[in-house]
1. Can you give me the long-range amide H partners of A:HIS296? Hydrogens built in the peptide plane at 1.01 Å from N, cutoff under 5 Å, separation of 5 or more residues or another chain.
2. What's the local net charge at A:PRO294, with K and R +1, D and E -1, over the other residues with C-beta under 11 Å away?
3. Could I have the simple spin-label model distance between A:LEU404 and A:HIS368, label points 7 Å from Cα toward Cβ, reported in nm to one decimal?
Amino acid sequence: MAALTTGFGRARQGGAGDPREYKAETAAGGDKLGGGGGGGDRGCSFLRKVSVPGSGGGGGGGARLRSIAGTRPSVQNGQLLVSAGLPALDQLLGGGLAVGTLLLIEEDKYNIYSSLIFKYFLAEGIVCGHTLLVASAKEDPGDILQELPEPLHDDNYKKVLDEGRSHKSQEEPEISMKIAWRYQNLPQMEAGPGTSSRFGHYYDVSKRMSQEVIQSAKWHKFFLPEEITSYANVESCALNHGYTKLLHFIQRVISEQGFDGSNPQKKQKNILRIGIQSLGSPLWGDDICCADTPEHMHSLTRFLYVLRGLLRMSLSACIITVPSHLIQNKAVTSRIRNLSDTVVGLESFIGSEKEANSLYKDYHGLIHIHQIPRLNSLICDVSDTKDLAFKLQRKVFTIERLHLPPDLSDTVSRSSKRDLVESAKQLSPGCGMMAGGKEHLDF
Amino acid sequence: MFPELNNLLNVSPDKPEQGKFTLLCDAKTDGGFLVHHFLSFYLKANCKVCFVALLQSFSHYNIVGQKLGVNLIAARDRGQLVFFEGLKSTVEVLFGSKEQPNTLKFIRESSSDLKSLYEFVQKALTPSGDGSATSWKFPVLLVDDLSVLLSLGVEAVAVLDFIQYCRATVCCQLKGNVVALVHDSDQTEDEENAMLMNALGHQSSLILRAEGLVTGFCKDVHGQLKILRRGLLQPKNDEAEQWNTLLKVIEIPCARARI
């Protein structure tokens, strides 16, 4: 197996990946990839709209577009993907974040872990050489970039992970299972280097990215207090003033820098990573987080719709964090979710009653994947478990599957079983319906 | 299109029904496959289709359409398909020149009026008098989806007015069909959406409801499909079926499991 590539050049992947790449390179006629109708350029379907000369042909356009650093085509439908910065999250999202789509992070209560995921996304962009656009109303984007985690190299990652594991085993000796020994072999959702994807990187949260790397990155900044000098009363397009300015800024960057294919002479195509922090919070001038029946209920949803239009027509990927726990009106939350492509919710245990629950003692919070887009296909690649938890160790952020602890009590008593059922209810109900009440099947 | 769904609905591309309003809804699962089904069905049935796509781009429908056996680019070129791409028009409205008239100008203005969208549909589906066009069977309007209009600030009443005008023109005058998708959000308190859904359900002759499983999430079975027929002669027929779509790039979908 090859070593971890840094994401430049073409990311090769073993197994099902290789035949697809070869087939995309050869001419479209006659290959077995075509379904009814034999489409030509199976990869990078969003990029088909980009007016790259020769992209209509099967092979040439595909090969050229696929050589963008830090991207790879999806195994399922050839969609161009970028990494979200966390390989475990990439795996849950079906391989990565599709180019031209929007990732919505519903913030946890104190915005600790969601800002971490936001920084992972930006750090990944810097490491892959993508252009960044960082927008915030709260902190100066320059300060956000100073706090990015440092990328880890191959051999360092193993050391860091072992450190974490040995630290844990000092507290309780790791007992290898004797009876249910098959469960020990289940993957814990952590994708280590050399096992799966080659296009994600690993980061050390305890260290900051070095200044040289940050200086070498190309990025655009939108800091709301600097952009809005006076509060104009006229709201164009019935959108919030701040949102309008942000949309115009994004559109200007996309068209001037040629991310929408309007500059075909540009030799090297690149991805624009857009990060918008705490959208919808009162600092943006929006009141959906403050009032039960807000006055500007449609401002954020209109913004998301226009942003979607901009993303679909350009080579960009966007991450947005929204403090949805502050939104009182649930209708707005569901509308925001419908307008986003991928929705991930974070729920931290700090200050909640779940902190004392023995089921969660190793973790810092739960992560819910609410929605994954179905792009260019009728199905999407959903992971088979909905019970996922995350924890932030000293250096890494891990996402793991949640299991019920085994019932180790000597006397099988009714009360202890009821506790187990109670904790089983904490597991995600999946489609929203609770299965079963207090009774449980007694074997 | 899905042959199993055609069998359930007792229709085929050779003899489709006319003058009907079909409502598609989804709850806790994605009902987009129904839109793809009807798009490919009516294109194969040789009807003139006006597709108002508000949420996805043209290439998305094109690629899925190829898997289902229709070529949207060819259909558009020969005039069978009139495709309105909401996302592209919105970007043009906001960032393009302000003089050109646009069907989505309600985004810029606060007044929520879908009249310009209706005029677009009317112009697209009314047969032009020159007689040069090849004769299509009957016009069909397909909308994906109406809940987005509510998110954009259009009032539910305005959306209902739009559908009423479209039905009057397309179903009654031109003897065509109207198919629209609405997301159902019964767990959240979206009253406007609920009102829209109830009113449209009342007007429709066929309701297809894609729901997630009641018992929870399952990887192999995506959900169930409820078909409700409302007609003068037939009593209300409520069939609940389990369906299972396994779709691959290589093969044409789909395998279904009946329970």
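Since every read-out is calculated from the coordinates, none of them should be taken as a lab result. Owing to the predicted nature of the structure, the values given are computational and were not obtained by experimental measurement. All Cβ positions, even for glycine, are placed from backbone atoms using ideal geometry, and neighbour counts span all protein chains on display.
1. For A:HIS296, whose amide H was placed from the backbone, the distant partners under 5 Å are A:ASP287.
2. Values: positive: none; negative: A:ASP286, A:ASP287, A:ASP292, A:GLU295.
Once positives and negatives cancel, what remains is -4.
3. 2.1
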